[in-house]
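Data first, discussion second: the structure below is written as structure tokens.
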Amino acid sequence: MMMFIGKRIALMVPMLLGITMISFLVMNLAPGEPIDVLTNLNPKATAEARERLRSHYGLNQPLPVRYVNWLKRVVRLDLGYSFAQDNRPVWDKIRERIPITLTINALSLLLIIIVAIPIGIYSAVHQNSIMDRILTIFVFIGFATPTFWLALLLMILFGVHLGWLPISGLQSIQAAHAGFWFVLGDRARHLLLPVLVSAFGGLAGLSRYMRSNMLEVIRQDYITTARAKGLKEATVIGKHALRNALMPIITILGFSLPGLIGGSVIFETIFAIPGMGQMFYGAVMARDYPLIMGILLIGASLTLVGNLLADISYALVDPRIRVGSHD
Amino acid sequence: MTEQNRKKSSTFSQRLLHNKLAVAGLVVVLLLFAVSIFAPAIAPYDPNAIDLKNILMPPDGSHLLGTDQLGRDILSRMIWGARISLKVGFVAVGIATLIGTILGTISGYYGGIIDMLIMRAVDLMLCFPSFFLILTVIAVLEPSIWNIMAVIGFTSWMGVARLIRAEILTIREREFILAARSQGAGDLRIILRHIIPNAMAPVLVSATLGVAGAILTESALSFLGIGVQPPTPSWGNMLTAGKDNLEYAWWLSLFPGVAILITVLGYNLLGEGIRDALDPRNYLKK
């Protein structure tokens with residue numbers, strides 16, 4: 001098992017290098033030069049001064065050299081300074097925001113798992129029943145619903161018309177001076193809609209996937225055997241079939257991470273949640289290139305780590321992977 | 001027995017038309033084409049005609065779906081918005097399919113180190129949250145409809161590449177390829193004449209589903225203000241106005257979203273229908 005994990009981590013190194021390379025290249029597509037920000041507004045900036053700045057920042061060196069220099073800093077988590085007014089280190093800005101985004105994504109992942117897996121099992125076991133058909137229609141509608149639109153509708157319904165839930169931010173003004181339980185309840189009320197919205201798309205996908213996995217498994221011979229030896233249907237489904245049907249789900253969850261992280265741009269912007277996605281959107285609108293590059297890099301690295309965790313958990317539950325892996 | 005024979009001999013289009021959901025999807029898709037083509041004739045108003053005396057009017061007899069914050073007719077803007085969605089969907093998917101087909105074919109046909117490199121590139125691209133990547137490129141370039149189509153295309157070819165590669169790995173070993181080679185056919189001829197036509201079926205499915213995905217992405221980008229720019233109407237940027245007038249005008253938020261939902265649903269149903277109709281397991285074993 002340790003061998004497997006070691007190999008898997010070693011495989012991550014070239015991927016991480018590739019991620020940094022793509023991020024670096026994309027940013028170099030930007031028209032103009034980074035020093036334009038410093039010189040464009042200054043009429044006294046001569047060509048000579050620009051040249052000095054360029055050599056000061058190492059911009060007169062060839063692209064590969066600049067990449068290596070940049071990479072050396074990135075390894076030390078030095079992602080440069082934001083162009084924004086505060087001029088703070090990019091890493092500090094990202095570090096503050098990551099917990100919020102990760103918490104919401106973890107909660108919605110949890111919600112997806114809790115709801116989608118039972119739905120998938122039910123649909124498979126009662127294939128072609130009326131309930132299965134209703135759930136199938138729901139799944140198709142779920143695939144086709146733009147999450148930002150769903151967010152708008154929920155905001156209109158629960159925020160404006162019913163007035164039950166707050167529609168922006170993470171806490172109420174009163175929460176600053178309130179007790180623990182009030183803060184907890186307040187936080188939950190603020191998080192309810194964002195978590196629902198970010199989970200919605202994944203719900204449809206995962207329940208569909210669970211259904212087809214389960215259908216595949218319950219057609220297999222060992223399930224017939226289990227039934228033939230007189231086991232109860234609940235035992236056959238719950239113990240024998242479920243285990244094998246659940247395994248591919250781990251991989252799918254790993255694959256869905258980039259979508260969830262990317263989706264945080266949308267729901268954090270709509271619900272005014274101060275997470276990484278909202279900061280990314282702000283950075284894009286302000287053309288804050290160091291910050292954009294930093295978040296792109298961190299976002300991709302998080303995905304890579306998520307996939308690593310998925311692979312390791314898969315190997316933990318499925319001995320065939322860790323014993324039989326030749327790659 | 002006769003039932004079995006009939007199913008076996010049925011053609012692709014017969015099987016597709018037998019599937020009610022797929023037909024519903026097909027009808028939606030065809031209707032949208034018609035609406036896009038005849039937009040100037042169908043739209044009751046000029047989509048960009050500002051009428052400040054009638055701003056934020058709820059749906060009624062003269063404006064069936066109401067008006068927006070500048071008094072423009074929502075229905076007319078939605079009809080013109082259908083054109084944008086269709087254009088973005090097809091061009092973006094065209095780009096993705098082209099890139100994916102070329103890279104997937106090279107990867108599957110030649111194998112070895114080229115295959116390894118291309119597949120690692122696919123893995124790498126899949127690591128980036130695609131929405132982050134798209135936003136980054138938009139930040140670097142300018143938000144315009146052409147850039148949107150290109151960016152969506154360039155960030156969504158990976159699935160097609162994998163699909164084509166897998167198809168080609170199995171086709172490559174078949175006898176008819178050997179036969180073609182023994183007659184002296186070169187690589188290019190084998191790829192273009194014998195392999196790609198046989199590998200296209202799953203690509204058709206993924207392209208149909210891809211149009212739905214591209215329309216969703218475009219609407220999200222336009223909603224965030226970095227996609228199709230106003231005053232050009234797109235369903236996504238119409239919803240931005242809905243968010244700004246959340247408290248006063250629910251119709252701004254409702255109708256364009258319904259249009260997106262139905263369109264995406266239509267393409268998805270059609271895509272799934274094509275997949276089922278192409279799948280030999282569905283008509284041979286029954």
*Using the Karplus equation 6.51 cos²θ - 1.76 cosθ + 1.60 (θ = phi - 60°), what ³J(HN,Hα) coupling, rounded to whole Hz, does each residue of segment A:103-108 give in order, writing x for Gly and Pro?*
4, 4, 5, 5, 4, 6
*Using mean Cβ contacts within 10 Å as the protection proxy, how do A:259-270, B:121-132, A:1-12 order, highest first?*
A:259-270, B:121-132, A:1-12
_Debye log10 I(q)/I(0) at q = 0.13, 0.16, 0.18, 0.19 Å⁻¹ for segment B:63-168, Cα point scatterers_ = -0.61, -0.78, -0.90, -0.95
*asked:* Taking R0 as 25 Å, what FRET efficiency do you get between A:Asn60 and A:Arg287 from their Cβ-Cβ distance, rounded to the nearest 0.05?
replied: 0.65
*Rg followed by Dmax, in Å, when the protein assembly as shown is reduced to its Cα trace*: 26.4, 90
_Relative packing of peptides B:183-196, B:257-270, B:54-67 - highest average C-beta neighbours within 10 Å first_ = B:257-270, B:54-67, B:183-196
*Given R₀ = 22 Å, FRET efficiency for B:Ile37-B:Gln229 by Cβ-Cβ distance, to 0.05?*
0.40
*Looking only at other chains, what is the average number of their beta-carbon atoms within 10 angstrom of each beta-carbon in A:278-288?*
3
*Any idea of the total accessible area buried by the A-B contact, 1.4 Å probe, rounded to 100 Å²?*
3900 Å²
*Other chains near B:133-143: what is the mean number of their Cβ atoms within 10 Å of each residue's Cβ?*
6
*asked:* Using amide H atoms built in the peptide plane, which far-off residues or other-chain residues are under 5 Å from A:Tyr81 H to H?
replied: A:Val90
*Residue separation times 0.36 nm, minus the C-alpha to C-alpha distance between A:Ala234 and A:Phe4: what's the value?*
79.3 nm
*Treat each spin label as a single point 7 Å out from the Cα along the C-beta direction, and report the A:Arg227 to A:Leu110 distance in nm.*
3.7 nm
_5 Å binning of all Cα-Cα separations within segment A:96-325, expressed as whole percents from 0 upward_ = 1, 6, 11, 14, 15, 15, 13, 10, 7, 4, 3, 1, 0, 0
*Using the alpha-carbon atoms, what tilt in degrees (0 to 90, nearest 10) does helix B:20-37 show relative to the longest principal axis of chain B?*
60 degrees
*Lysine pairs, Cα distance under 20 Å, 8 or more residues apart or cross-chain: how many in chain B?*
7
*Tell me, Kirkwood radius of segment B:138-286 from alpha-carbon pair distances, in Å?*
18.4 Å
*Between A:Ser212 and B:Ala180, how many nm apart are label points set 7 Å from Cα along the C-beta direction?*
2.8 nm
_Contour excess over end-to-end distance, with Cα ends at A:Gln220 and A:His161 and 0.36 nm allotted per residue_ = 16.1 nm
_Test of understanding: what is the full-extension gain from A:Leu17 to A:Thr251, defined as 0.36 nm times their sequence separation minus their Cα-Cα distance?_
81.9 nm
*Pair B:Asp187, A:Ile141: separation of 7 Å Cα→Cβ label points (nm)*: 5.2 nm
*Peptide B:211-221: average number of partner chain Cβ atoms within 10 Å per residue?*
2
*What are the aspartates and glutamates whose alpha-carbon lies under 12 Å from the alpha-carbon of A:Lys232, with same-chain residues fewer than 8 places away excluded?*
none
*Could you tell me which trypsin sites (Lys or Arg not before Pro) in segment A:121-201 are loop residues by DSSP with no more than 16 other beta carbons within 10 angstrom of their beta carbon?*
none
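The values are calculated or read from the model by the stated rules, or taken from the named source; none is laboratory data. Not measured: the values here are computed from a predicted model. Please note: Cβ atoms are built from the backbone with ideal geometry, for glycine as well, and neighbour counts cover all protein chains shown. Note: accessible area is taken over every heavy atom of the protein model, side chains too, but ligands, DNA and RNA are not part of it. Shrake-Rupley method; radii C 1.70, N 1.55, O 1.52, S 1.80 Å.
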